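The values are calculated or read from the model by the stated rules, or taken from the named source; none is laboratory data. Bear in mind the structure is a predicted one, so any value in this text is a computation, not a measurement. Note that we place each Cβ from the backbone using ideal geometry, even for glycine, and neighbour counts take in every protein chain shown.
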Amino acid sequence: MLATLIPLFDDKMSVCAYSIFARKENLFLNPERMGGQRFDGAATVYELDVVSMMGVSMLTGGKEVFVPINQFSLFAEISLQCTVPANKVVLLLDNSIQPDEMAVKRVRELKDQGYKIAIRKLPISSFEPYKEIIAKCDYILLDHTKIDISKAKIYFKKLYPAIKLCAVNVDTQEQYEELVKDGGYDFYEGKFFRMPVSRSDKEVSPLKVNYIELLNVVNAPDFDLTDAADVIGKDPALVISLLEIVNRMALNSEITSIRHAAAMLGQKELKRWINTAVTKELCADRPSEIVRLVMIRAKFAENLASDFELAMQAPELFIMGLFSALDIMLEKPMEEALKMVQLSKNVTDALLENKGDFAKVLEFIKCYEDADWNEVSRLLVLSGIDMDKIYTAYLGALRWYRDLIPA
């Protein structure tokens with residue numbers, strides 16, 4: 001099993017929902033299946049298995065989850081596969097479902113059961129044939145590159161006033177800002193929120209400079225606890241966070257100073273806590289999804305270490321994931337951003353030049369984030385890795401993140 005979450009944003013760059021995409025098997029191990037139809041298990045919605053196992057609260061922080069449905073699974077006993085509240089699930093139909101009487105009737109039944117309905121991959125020429133299904137939809141996902149939103153907005157407002165329009169394939173920040181300015185869409189899906197920064201004239205704020213100083217202290221070989229404690233003391237938010245975590249660990253101990261708290265946490269745990277806490281602070285003025293992205297990348301990379309034969313370097317892989325969007329955090333090109341922090345050669349080679357064993361792990365994670373299952377499956381075969389281990393590693397990263405940052 002493979003599964004990943006893809007966010008949908010509103011016009012304030014806040015995540016309003018997630019789409020979940022899954023694959024049950026590695027088709028590269030069964031090449032005879034890749035060329036034709038696969039009917040065995042076609043009515044099973046594997047994405048619902050993931051949602052039911054994890055729960056909406058753990059999986060998406062309580063936000064709606066879009067679940068793909070095909071022409072076979074549409075007629076499955078969805079209510080038996082789904083153990084979470086129906087009103088948190090959006091069944092995402094596509095153009096493999098023909099707008100015949102049976103399909104329309106089934107969509108009505110699912111709406112009556114409390115599920116929300118969305119549809120995607122419809123060309124403009126199909127709007128009329130699909131009108132009875134669209135009328136039951138809460139959302140329609142539109143490729144913004146193939147539609148005139150000014151006309152579409154008038155069309156949908158007149159015929160389907162309650163439907164929400166979602167722009168997909170939004171690949172750059174410029175596209176997102178232009179679409180938001182036009183005001184035709186309710187939600188946006190694409191890579192725009194995590195695209196690398198190519199140039200920037202912005203100065204790094206003094207607060208972020210303090211955070212970078214702290215990162216450089218703890219990422220130096222055999223760093224001094226008192227040096228780290230002194231830098232932590234410059235930021236009240238970090239002081240409070242440090243005291244909270246130490247108090248949870250030592251209920252009966254009286255903390256007398258920041259240095260005392262740092263000593264109680266110890267070098268290894270202090271370094272790990274600082275890297276995660278500072279990353280959150282560096283992302284404070286960035287889209288909230290960036291925090292989730294880098295945190296899950298970090299833990300996912302750490303969890304994958306042994307599968308990529310890098311078990312001894314798991315802590316470094318964690319750091320690589322955390323700083324894989326350092327350019328976005330600092331609003332600087334990656335080359336400039338990396339000059340400000342002290343990271344290992346393994347990490348800098350991967351982030352800056354896409355070289356080395358760490359780069360292979362990062363490439364794999366990015367393919368996984370995009371639900372590029374063909375490429376993920378190919379890489380798994382080349383590396384001799386079992387896909388179920390990858391799935392376990394990803395779910396472990398999700399659980400870790402939800403425990404770290406409760407919804």
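Can you tell me how many residues within segment 128-159 are part of a loop (DSSP other than H, G, I, E, B), more than 16 Å from S19 (Cβ to Cβ) and of a type outside the set (A, V, I, L, M)?
5
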**Request:** Look at segment 280-307 and say how many of its residues are of a type in the set (D, E), surrounded by fewer than 21 Cβ atoms within 10 Å (Cβ to Cβ) and either in contact (Cβ under 8 Å) with a residue 12 or more places away in the chain or touching a Cys at 6+ places or on another chain (Cβ under 9 Å) (or both).
**Result:** 3
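If I go through segment 125-149 residue by residue, how many of them are of a type outside the set (D, E, K, R) and more than 30 Å from the chain's Cα centre (by Cα)?
So the answer is 6.
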**Residue among R248, R199, R259, R272 that alone is of a type in the set (K, R) and part of a loop (DSSP other than H, G, I, E, B)** = R199
**Item:** Test: residue in segment 324-331 that is assigned to a loop (DSSP other than H, G, I, E, B), out of contact with any helix residue (DSSP H, G or I) (no Cβ under 8 Å at 6 or more places or on another chain) and over 22 Å from T60 (Cβ atoms)
**Value:** yes
**Asked** Of all residues in segment 333-379 being of a type in the set (S, T, Y) and either surrounded by 18 or more Cβ atoms within 10 Å (Cβ to Cβ) or assigned to a helix (DSSP H, G or I) (or both), which is nearest to the chain's Cα centre (by Cα)?
**Response** Y368
**Prompt:** So which of A220, A301, A237, A261 ends up being in contact with a Leu (Cβ under 9 Å, 6 or more places away or on another chain) and farther than 27 Å from L8 by Cβ?
**Reply:** A261
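How many residues does segment 118-127 hold that are assigned to a helix (DSSP H, G or I) and closer than 17 Å to S96 by Cβ?
First, the residues of segment 118-127 that are assigned to a helix (DSSP H, G or I): 124-126.
Retained after the next criterion (residues that are closer than 17 Å to S96 by Cβ): 125-126.
Selection size over segment 118-127: 2.
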**Message:** Looking only at segment 315-328, how many residues end up being without any contact (Cβ under 8 Å) to a residue 60 or more places away in the chain and either of a type in the set (D, E) or surrounded by 16 or more Cβ atoms within 10 Å (Cβ to Cβ) (or both)?
**Reply:** 9
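Residues checked against (1) outside the structural domain of S257 (by TED's automatic domain parsing); (2) assigned to a loop (DSSP other than H, G, I, E, B); (3) free of Cβ contacts under 8 Å to residues at least 24 places away in the same chain:
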{"site": "K181", "(1), (2), (3)": "yes, no, yes"}
{"site": "G184", "(1), (2), (3)": "yes, yes, no"}
{"site": "E203", "(1), (2), (3)": "no, yes, yes"}
{"site": "L207", "(1), (2), (3)": "no, no, no"}
{"site": "Y211", "(1), (2), (3)": "no, no, no"}
{"site": "L214", "(1), (2), (3)": "no, no, no"}
{"site": "A220", "(1), (2), (3)": "no, yes, no"}
**Request:** Kindly indicate which of A103, A162 is surrounded by 15 or more Cβ atoms within 10 Å (Cβ to Cβ), under 22 Å from S19 (Cβ atoms) and among the small types (G, A, S).
**Result:** A103
**Message:** Every residue in segment 186-196 that is assigned to a helix (DSSP H, G or I) and out of contact with any Pro (no Cβ under 9 Å at 6 or more places or on another chain), please.
**Reply:** F192
**Request:** Having 2 or more residues that are under 23 Å from the mean Cα position of the chain (by Cα) and assigned by TED's automatic domain parsing to the domain that holds L8 is the bar; report the helices (runs of 4 or more DSSP H) wholly within segment 41-91 that clear it.
**Result:** 46-54, 56-60
**Request:** Please find, within segment 380-407, the residue that is modelled with the highest pLDDT out of those that are part of a helix (DSSP H, G or I) and acidic (D, E).
**Result:** D388
**Request:** Please work out if V107 is assigned by TED's automatic domain parsing to the domain that holds I20, touching a Ser or Thr at 6+ places or on another chain (Cβ under 7 Å) and not in a strand (DSSP E or B).
**Result:** no
